[in-house]
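The structure under discussion appears below in the form of C-alpha cells.
Every number in this text was worked out from the coordinates using simple rules, so none of it is lab data. In this text the structure is predicted, and so the values were computed from the model without any measurement. Note that each Cβ is placed from the backbone with ideal geometry, even for glycine, and that neighbours are counted across all protein chains shown.
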Number of protein chains: 2
Amino acid sequence: MTNQLDSDVSLRDFQTLIRTMYFEKDAERGVSGTFMWLMEEIGELASALRANNDRENLEEEFADVVAWLTTIANVAGVDLAQALTKKYGAGCPGCKKLACDCPMSEKP
Amino acid sequence: MTNQLDSDVSLRDFQTLIRTMYFEKDAERGVSGTFMWLMEEIGELASALRANNDRENLEEEFADVVAWLTTIANVAGVDLAQALTKKYGAGCPGCKKLACDCPMSEKP
C-alpha cells in the first residue's frame with residue numbers, strides 16, 4: 001500500500017485515516033474501552049520518555065498516543081482540527097499572545 | 001491577533017505554533033514537569049467524556065490534550081508529523097490494511 005500521509009500531516013486527513021482504519025472496531029469498543037487503550041499507550045510513552053535511549057521507539061509511542069486520542073475523538077464525534085483551531089488558533093488561550101507571557105505557575 | 005491556523009490543521013504548523021507560544025516555559029519545566037500537566041488534562045478529558053453534556057468543553061479538553069502532548073514532543077525533540085507518517089502512513093501497523101482486520105483482542 002502506498003503511504004496515505006505526506007511527511008507533513010493534515011490533522012483532518014489523519015482523523016479520516018484513523019476512522020477508515022479502525023472506526024468499526026472503535027465504535028464497538030466504545031469510549032470507555034478505547035480510553036483504556038489510550039491509557040496503556042500513555043504508560044508506554046512515559047516509559048519511553050524516562051528511558052530516553054531508543055529514539056525510534058519514542059517516536060512510535062508519540063504516534064500511538066495521537067492515534068488512540070484520535071480514535072476516541074472519532075467515537076465521541078469531535079473534529080480535532082476544529083477543536084485546536086478554536087482553542088489555540090488565536091494564540092495562547094490565557095494571555096492571547098503568540099509567545100505566551102502567562103505567569104509560570106499558571107496555565108499553560 | 002489573527003487566527004494562526006486554518007480550519008484544517010497541519011500537524012507541523014501546530015507543533016511550530018505550540019513551540020512559538022510555549023517553548024521557553026516548556027524547556028524550563030522539562031519533560032517530567034510537562035508530563036504532569038498532560039496527565040491533568042487527560043483527567044479533565046476523562047471527566048468531560050464521562051459527563052457527556054457539554055460539547056464545547058469536550059472539544060476544549062481534546063484540544064488541551066493534543067497541545068500538551070505536542071509540548072512534550074517539542075521538549076523531547078520529536079516531530080509528530082514524521083512519527084505519525086512513519087507508523088500509520090502505510091495503513092494499520094498490525095495487518096497493513098487500510099481498513100484494519102486485526103482480531104479485536106489484538107492491538108489496535
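On inspection, B:N74 fails the criterion of being loosely packed, with under 15 Cβ neighbours inside 10 Å and either in contact with a helix residue (DSSP H, G or I) (Cβ under 6 Å, 6 or more places away or on another chain) or closer than 14 Å to A:L69 by Cβ (or both). Got a sec? Which of B:D54, B:D79 is within 13 Å of the chain's Cα centre (by Cα), surrounded by fewer than 21 Cβ atoms within 10 Å (Cβ to Cβ) and farther than 14 Å from A:A73 by Cβ? Of B:D54, B:D79, the one residue that is within 13 Å of the chain's Cα centre (by Cα), surrounded by fewer than 21 Cβ atoms within 10 Å (Cβ to Cβ) and farther than 14 Å from A:A73 by Cβ is B:D79. The residues in the range A:30-72 that are touching a residue at least 24 places away in the same chain (Cβ under 8 Å) and of a type outside the set (A, V, I, L, M, F, W, C) can be counted, and the count is 5.
State whether one or more residues within the range B:12-30 are in contact with a Gly (Cβ under 8 Å, 6 or more places away or on another chain), within 21 Å of A:C92 (Cβ to Cβ) and surrounded by 22 or more Cβ atoms within 10 Å (Cβ to Cβ). Yes, that holds for at least one residue.
Counting the residues of the range A:84-108 that are buried (at least 17 other Cβ atoms within 10 Å of the Cβ) and closer than 27 Å to B:E28 by Cβ gives 10.
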